[in-house]
1. Quick test for you: out of G10, G35, G55, G42, pick the one residue that is on the phi > 0 side of the Ramachandran plot, touching a Leu at 6+ places or on another chain (Cβ under 9 Å) and not basic (K, R).
2. Consider segment 11-26. How many of its residues are under 18 Å from the mean Cα position of the chain (by Cα) and small (G, A, S)?
3. Considering only residues that are open to solvent by 60 Å² or more (accessible area, probe 1.4 Å) and either of a type outside the set (S, T, N, Q) or not in a loop (DSSP other than H, G, I, E, B) (or both), look in segment 8-25 and name the one that is farthest from V79 (Cα to Cα).
4. Return yes when V79 is more than 23 Å from S123 (Cα to Cα) and surrounded by fewer than 16 Cβ atoms within 10 Å (Cβ to Cβ) and no when it is not.
5. Here's a check for you: in segment 86-123, which residue that is small (G, A, S) and in a strand (DSSP E or B) is most open to solvent (accessible area, probe 1.4 Å)?
6. Are there any pairs, at least 6 apart or on different chains, whose C-beta atoms fall under 6 Å, with the first in segment 55-79 and under 22 Å from S25 (Cα atoms) and the second in a helix (DSSP H, G or I) and modelled with pLDDT under 95, and if so, which?
Amino acid sequence: QVQLVESGGGLVQSGGSLRLSCVASGRTFSNYAMGWFRQAPGKERELVAAISGSGFSTYYADSVKGRFTISRDNAKNTVYLQMNSLKPEDTDVYYCAKGNGIFTTTPRTYDYWGQGTQVTVSS
């Protein structure tokens, strides 16, 4: 079992920044990919960014490329999402999730999820 706890969401003005954090339980954090997803009411969950177990490989959705950065600190069992130049359309609940392999961008291969943290960007 893996437990994931997100933090760092909040209300920010358009153009502002937020950093999300996700702490994972367990001893094998570096063995699996981590991802950040977001979901608005009535919409499918979208993979925003993913990072491999080592941290060397990353993926970004086109909508966030150049603005968001995913990183991880395996010594702290923590994955981060730095979000800059935020736009109102980035408003969503953001979830971190554990992938079931060393690196994956396929949403159905993520098997553990955090509770979500709300990000609201005002115009």
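1. G10
2. Final tally of qualifying residues: 5.
3. Result: Q13.
4. no
5. Across segment 86-123, the extreme among qualifying residues is S122.
6. N74/F29; N74/S30; N77/F29
Listed here are the residues, each with its yes/no results for (1) closer than 21 Å to T106 by Cβ; (2) part of a strand (DSSP E or B).
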{"position": "V2", "(1), (2)": "yes, no"}
{"position": "R27", "(1), (2)": "no, no"}
{"position": "W36", "(1), (2)": "yes, yes"}
{"position": "G66", "(1), (2)": "no, no"}
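The values are calculated or read from the model by the stated rules, or taken from the named source; none is laboratory data. It should be emphasised that the depicted structure is a prediction, and the values quoted were computed from it without experimental measurement. In this analysis, Cβ positions are derived from the backbone assuming ideal geometry, glycine residues included, and neighbour counts consider all displayed protein chains. Protein only, heavy atoms only, side chains kept; ligands, DNA and RNA dropped before computing areas. Shrake-Rupley method; radii C 1.70, N 1.55, O 1.52, S 1.80 Å.
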